[in-house]
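The values are calculated or read from the model by the stated rules, or taken from the named source; none is laboratory data. Quantities reported herein were computed from a predicted structural model and do not represent experimental measurements. Note: ideal-geometry Cβ built from the backbone for every residue, glycine included; neighbour counts use all protein chains shown. In case anyone asks, the SASA skips ligands and DNA or RNA and just uses the protein heavy atoms, side chains included. Shrake-Rupley method; radii C 1.70, N 1.55, O 1.52, S 1.80 Å.
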Amino acid sequence: MSTSGIDFEAVFHALPGAVALLSPDLVFADVNDAYLALSGRTREEVVGRYLFDVFPDNPGDPAASGMRNLHASLRRVASTGESDSMALQRYDVGDPERPGVWEERYWSPVNVPVRGPDGAVALVLHRVEEVTELIRARHTRSTCSGSDGARVLEAELYTRARELQDLNQRLREAHAREREVALHLQQAMLPAPGPLGHRAAVRYRPATGSLNVCGDWYDLIDMVDLPHRDHTAVAVGDVVGHGLHAAGVMGQLRSALSAASRVAAGPAQALEVLGLYARHVDGAESATAVSVFVDWAGHILTYSSAGHPPPLLCHPDGTITFLDQATDPPLGARPEHVPRPQSQAVFTDGSTLVLYTDGLIERRHEDIDTGLHRLAESLTRHRTADPDQLADALLRDLIPPAGMTDDTALVVLRL
């Protein structure tokens with residue numbers, strides 16, 4: 001059924017539940033009729049005003065925490081783009097007919113991001129359900145029966161809700177600490193360009209707002225010191241999973257491929273060794289990787305991919321070659337060992353090689369070919385920039401305004 005003829009503004013105002021739309025700065029953009037009726041305010045008293053100017057905490061309650069809790073939830077939704085269902089909140093509301101008089105009220109709020117065309121959070125939908133009458137009804141039954149059971153139940157319900165909220169906050173803080181540790185661990189294990197100097201630029205960008213760190217990695221291995229070899233091996237990979245464990249697996253796979261590349265006849269053999277090793281590393285299953293050997297003297301790229309997006313070779317005239325002729329399943333995906341394919345491409349001086357992980361090109365509700373085309377266009381446009389400037393330009397062009405939803409590793413090598 002087509003939605004082109006639906007008046008969504010009319011639908012919003014007709015919703016039976018109390019709903020408000022807030023800007024990321026927590027200014028009322030709109031409210032429906034149910035919200036106005038529940039809050040006892042007029043549209044003019046609400047729309048265009050800052051939320052907590054309209055609904056501050058009860059100044060007569062020194063223990064009031066409703067405003068602080070709601071502010072934290074709304075800001076979290078605006079910054080992360082993730083929904084947040086809050087625990088039961090006591091949030092008193094001033095009586096508009098009697099200034100200085102506050103009514104004890106209990107609420108169950110849910111806050112949801114509304115994204116704009118560019119993917120950024122444009123609004124926060126704030127839905128509230130009042131449960132004050134339920135608590136009062138229990139208290140009334142308690143009074144009529146001469147029992148304190150309902151009052152105890154009310155206190156227990158509120159206490160458990162507060163405990164749940166405090167627990168959720170501690171879990172968020174614990175995840176944030178783990179994220180910081182994983183980031184430091186990951187950054188410590190990812191190498192600098194080293195002897196390649198001005199020829200190479202590397203970047204790692206964690207997902208925006210995510211409490212998890214993924215297992216994206218890169219490596220550059222200069223093998224000019226090995227007998228009869230004037231080669232450089234460049235690789236990127238992506239481990240399935242998040243957090244400290246994924247960062248640890250990433251470090252093991254990167255080190256194993258680095259060692260294999262120094263003795264292997266080519267990238268396919270190096271990835272074969274890595275695949276065999278990955279079978280014995282918990283969490284390495286279905287990891288992806290791509291390796292490119294650069295023969296500087298022969299001007300030849302030899303490459304092989306284990307389920308990874310294809311590297312791009314940009315020629316000096318702006319022509320793009322996708323290195324996609326030697327793609328095989330991810331590490332450990334086959335039950336039996338099978339030799340991996342490899343292929344070659346010729347390059348000229350001044351060409352640029354770009355390797356990356358899927359966070360750079362993948363977008364929700366978008367075909368991966370669209371992201372690959374976007375990367376190719378950006379690379380062509382900025383191809384004359386030095387590697388550091390080029391890496392930054394690619395990130396600027398491809399990171400959406402809302403930020404990355406997945407970690408990204410990027411290697412730029414001037415040939």
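Key figures
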read-out: Only one of A34, A64 that is closer than 22 Å to W102 by Cα, at pLDDT below 90 and not aromatic (F, W, Y); value: A64
read-out: Candidate set: region 12-29, residues that are at pLDDT below 90 and of a type in the set (A, V, I, L, M, F, W, C); chosen: the one farthest from the chain's Cα centre (by Cα); value: A14
read-out: Total residues in region 328-387, condition more than 30 Å from the chain's Cα centre (by Cα) and within 21 Å of V202 (Cβ to Cβ); value: 4
read-out: Neighbours by Cβ (under 6 Å, 6+ apart or cross-chain): first from region 103-118, aromatic (F, W, Y); second outside any strand (DSSP E or B) and open to solvent by 20 Å² or more (accessible area, probe 1.4 Å); value: Y106/V131; W107/Y91
read-out: Any hit, region 298-315, residues being among the β-branched types (V, I, T), part of a loop (DSSP other than H, G, I, E, B) and surrounded by 15 or more Cβ atoms within 10 Å (Cβ to Cβ); value: no
read-out: Scan of region 352-384 for residues that are touching a residue at least 12 places away in the same chain (Cβ under 8 Å), in a loop (DSSP other than H, G, I, E, B) and out of contact with any strand residue (DSSP E or B) (no Cβ under 6 Å at 6 or more places or on another chain), ordered by number; value: I361, E362, R363, R364, H382
read-out: Restricting region 329-351 to residues that are among the hydroxyl-bearing types (S, T, Y) and either in a loop (DSSP other than H, G, I, E, B) or in contact with a helix residue (DSSP H, G or I) (Cβ under 7 Å, 6 or more places away or on another chain) (or both), the residue that is nearest to S286 (Cα to Cα); value: S351
read-out: Members of region 385-415 found to be free of Cβ contacts under 8 Å to residues at least 24 places away in the same chain and farther than 25 Å from D349 by Cα, listed by number; value: R396, D397
read-out: Qualifying residue in region 69-86 (condition: more than 16 Å from L21 (Cα to Cα), over 28 Å from the mean Cα position of the chain (by Cα) and surrounded by fewer than 18 Cβ atoms within 10 Å (Cβ to Cβ)); value: no
read-out: Residue ID - nearest to A18 (Cα to Cα), chosen from residues in region 87-123 that are in a strand (DSSP E or B), aromatic (F, W, Y) and within 36 Å of the chain's Cα centre (by Cα); value: W107
